[in-house]
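As structure tokens, the structure follows; a few thoughts come after it.
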Amino acid sequence: MDVYGFYTGQIFDAYQFLGAHVEPIRGVSFRTFAPSATRISLIGEFNGWEEWTMNRVHDGNFWECYVENAEPGQMYKYRIYKTDGSFTDHCDPYGFGMELRPDTASIVRNLKDYTFHDEVWMRKRSDHKEEPLNIYELHFGSFKKPTGEPDDWYTYTEMIDILIPYLKEYGYNYIEIMPLSEHPCDESWGYQNTGFFSPTSRYGTAMQLMEFIDACHQNDIGVIMDFVPVHFAVDGYALANYDGTPLYEYPNSDVGISEWGSCNFMHSRGEVRSFLQSAANYWLSEYHADGIRMDAISRIIYWQGDPARGVNDNAVAFIRDMNRGLKELHPTAILSAEDSTSYPGVTRSVREGGLGFDYKWDMGWMNDTLDYFRMGAEYRSRDYHKLTFSMMYYYNDAYLLPFSHDETVHGKATILQKMNGDYEEKFPQARALYLYMYAHPGKKLNFMGNEIGQLREWDEKREQDWDILKYPVHDAFHRFIKDLNHIYLKSPALFQWDYSTDGFRWLDCHQEERCIYAFERKCPSQRIAAIFNFSDQEQKDYTFTLEGAKSLELLIASDTDIYAGTKHRQERILPVENEQVTITLSPYSALLYLIN
């Protein structure tokens, strides 16, 4: 490894030197970076947990030990001595495997033990800017569970036959998995890591995760990994005070402790940059992940995420350099930012002065849309333009529309529950909401359970409430979402020109009193019209102009009886006379038409 590059934050493959590496013939080499340690001993299964002294190498800040009889599957730790003579047993920051919590040892893994069979997928993979991107976000351990026990999970391998057929049936072509890097607390959902290079042992081994991703690719499903570049768990056996000093974190708690009580990475240190860059590259290179979703980017842009405290220039420089390097190494991988700020250029290339992300979560669209549907129908005329505002800033960045896990927890209620009104009124509004989402420009992300109209907030200890599909209204709702997903995947007008101003135009956005909206989506080969009535009243004989149209072919209507609506629709073709369209809209309804 280039030591100078490591210190200056230019390395993307530090994991190929640091960590535990199975040698080609026999044995394992162990290496760690701990400049302030006075002594380090290697302890593990291969030596009866007795101390074997590690040797200083390179400039004396790195430590190394070769063990001839060590082999994959064995556990180990580093016993790191401080200047006062005390020691702490640490897991390996670059370890490729870890024990299940509450145990803390690292595990030797040979990453070469698995051979991928996804060459076709990897050759055709793209960033999907002009293709459909329909992401199913999930928490791996609570999609489905073998039993009702919180600590009982399906393995990565077992999920192949459980999850992949479901995704194909429902029309999701990508998944985004909440963090799989090892973490001690289930309730952190993986966002407070102890093993940035270790797939969590809750669901199996590194090889099993590779097998799962490989199977997804062979079924034309991409995999985005959730990555946490801002902070890490405070547990003393992991990164915190690793060599007896704040090696990865800030020494000052004013900026060193996050709002979640975790340790903030000190992004001004080159060693930290090399660590995080290498971790992101590790998932893309070794596991063939198709993208990285980066958590809490606002906390990188601004000190503690607060614009009033100013821009964290060192952290911004880090994210630019990391994104530039990752795109050079993996041009077709997707880099997306969870960012709620108005910081300019998040999805502009680094060469053009941006942060270099492919996509930014449109938190403004999400909040405005859900606020609109929470309010009573009698107030929607007043706040009509909450739903037109998104297109006023939309072309500033390449946006992705998210209904994520954060919108189904912590007393926020699920997406269906957020709809105004009683139980029966929620379903037509939710159907109309989702048709609006899929017709609106921007790629899509939906959290597990939303597609079946789940009413209970997500709990990582329980599987989704699949039994609610026995109720006709939920069964009809999930059928609607399934049909809508497949229409989206097959309709280039809904995705090909997502980020071109030619791909969208308002047909009518001034029906404040009637709460009607109409817009057109188009691309070179197709035109689609979307019409919405978000009031609680039927809107009779609504007329709008549609230039160049001869007829409209119905693609999907949210008020159809097969979706628990009130209309039995048999006529699929609507004639257009003199470019004028006249229709009657049911309360809380949405229509999607192919323009001929």
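The values are calculated or read from the model by the stated rules, or taken from the named source; none is laboratory data. None of these values were measured; they are calculated from a predicted model. Here the Cβ is made from the backbone with ideal geometry for all residues, glycine too, and neighbour counts use every protein chain on show.
Answer yes if at least one residue in region 411-420 is at pLDDT below 95 and either outside any helix (DSSP H, G or I) or surrounded by fewer than 17 Cβ atoms within 10 Å (Cβ to Cβ) (or both), and no otherwise.
Within region 411-420, the subset at pLDDT below 95 is 411-412.
From what's left, either outside any helix (DSSP H, G or I) or surrounded by fewer than 17 Cβ atoms within 10 Å (Cβ to Cβ) (or both): 411-412.
Yes, the conditions are met somewhere in region 411-420.
Quickly run through region 113-148 and pick out the residues that are at pLDDT below 95 and not polar (S, T, N, Q).
Those that are at pLDDT below 95 and not polar (S, T, N, Q): Asp113, Gly148.
Confirm whether Phe373 is hydrophobic (A, V, I, L, M, F, W, C), part of a helix (DSSP H, G or I), closer than 30 Å to Asp536 by Cβ and over 20 Å from the mean Cα position of the chain (by Cα).
yes
Consider Tyr488 carefully, then state whether it is buried (at least 21 other Cβ atoms within 10 Å of the Cβ), in contact (Cβ under 8 Å) with a residue 24 or more places away in the chain and on the phi < 0 side of the Ramachandran plot.
Judged against the criteria, Tyr488 is a match.
Under 9 Å between Cβ atoms, which residue pairs at least 6 apart in sequence (or on different chains) link something in region 496-524 that is in a helix (DSSP H, G or I) with a partner that is crowded, with 16+ Cβ neighbours inside 10 Å and of a type in the set (Phe, Trp, Tyr)?
Final answer for the pair search is Gly503/Phe495; Gly503/Trp497.
For (1) in contact (Cβ under 8 Å) with a residue 24 or more places away in the chain; (2) over 26 Å from Lys77 (Cβ atoms); (3) surrounded by fewer than 21 Cβ atoms within 10 Å (Cβ to Cβ); (4) not assigned by TED's automatic domain parsing to the domain that holds Arg31, each residue gets a yes or a no:
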| site | (1), (2), (3), (4) |
| --- | --- |
| Thr205 | yes, no, no, yes |
| Gln208 | yes, no, yes, yes |
| Ile213 | yes, yes, no, yes |
| Tyr237 | yes, no, yes, yes |
| Leu247 | yes, no, no, yes |
| Asp290 | yes, yes, no, yes |
| Arg299 | yes, yes, no, yes |
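Which numbered condition trips up Asp541, out of (1) among the charged types (D, E, K, R); (2) within 14 Å of Leu435 (Cβ to Cβ); (3) assigned to a strand (DSSP E or B)?
Failing condition for Asp541: (2).
When you check Asp483 against the structure, is it touching a residue at least 40 places away in the same chain (Cβ under 8 Å), farther than 30 Å from Pro150 by Cα, of a type in the set (Asp, Glu) and surrounded by fewer than 21 Cβ atoms within 10 Å (Cβ to Cβ), yes or no? Quick ask: steps written out before the conclusion?
Working: touching a residue at least 40 places away in the same chain (Cβ under 8 Å): yes; farther than 30 Å from Pro150 by Cα: yes; of a type in the set (Asp, Glu): yes; surrounded by fewer than 21 Cβ atoms within 10 Å (Cβ to Cβ): yes.
Yes, satisfied.
If I filter region 260-289 down to residues being touching a Phe, Trp or Tyr at 6+ places or on another chain (Cβ under 7 Å) and not in a helix (DSSP H, G or I), which single residue comes out as nearest to Ala240 (Cα to Cα)?
Top of the filtered list is Cys263.
Would you pick out the residues in region 559-596 that are in a loop (DSSP other than H, G, I, E, B), over 16 Å from Ile516 (Cβ atoms) and not β-branched (Val, Ile, Thr)?
Ala564, Gly565, His568, Arg569, Gln570, Glu571, Arg572, Asn578, Glu579, Asn596
Being aliphatic (A, V, I, L, M), closer than 23 Å to Asp498 by Cβ and crowded, with 19+ Cβ neighbours inside 10 Å: is that true of Leu591 here?
For Leu591, the condition - aliphatic (A, V, I, L, M), closer than 23 Å to Asp498 by Cβ and crowded, with 19+ Cβ neighbours inside 10 Å - is met.
Kindly indicate whether any position in region 232-243 is at pLDDT 95 or above, closer than 25 Å to Leu111 by Cβ, part of a strand (DSSP E or B) and touching a strand residue (DSSP E or B) at 6+ places or on another chain (Cβ under 7 Å).
Yes: region 232-243 contains one or more residues that are at pLDDT 95 or above, closer than 25 Å to Leu111 by Cβ, part of a strand (DSSP E or B) and touching a strand residue (DSSP E or B) at 6+ places or on another chain (Cβ under 7 Å).
Just give me the residues in region 406-423 being of a type outside the set (Lys, Arg), closer than 14 Å to Gly453 by Cα and either touching a residue at least 40 places away in the same chain (Cβ under 8 Å) or touching a Lys or Arg at 6+ places or on another chain (Cβ under 8 Å) (or both), in sequence order.
The answer is Glu407, Thr408, Ala413, Thr414, Ile415, Leu416, Gln417, Met419.
Yes/no matrix, rows are residues, columns are (1) in a loop (DSSP other than H, G, I, E, B); (2) farther than 20 Å from Met178 by Cβ; (3) of a type in the set (Lys, Arg); (4) modelled with pLDDT of 95 or more:
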| site | (1), (2), (3), (4) |
| --- | --- |
| Ser336 | no, no, no, yes |
| Val346 | yes, yes, no, yes |
| Arg351 | no, yes, yes, yes |
| Gly354 | yes, yes, no, yes |
| Thr369 | no, yes, no, yes |
| Leu401 | no, no, no, yes |
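If only one of Ser198, Ser188 is within 29 Å of Gln74 (Cα to Cα), surrounded by 24 or more Cβ atoms within 10 Å (Cβ to Cβ) and not hydrophobic (A, V, I, L, M, F, W, C), which one is it?
Ser198
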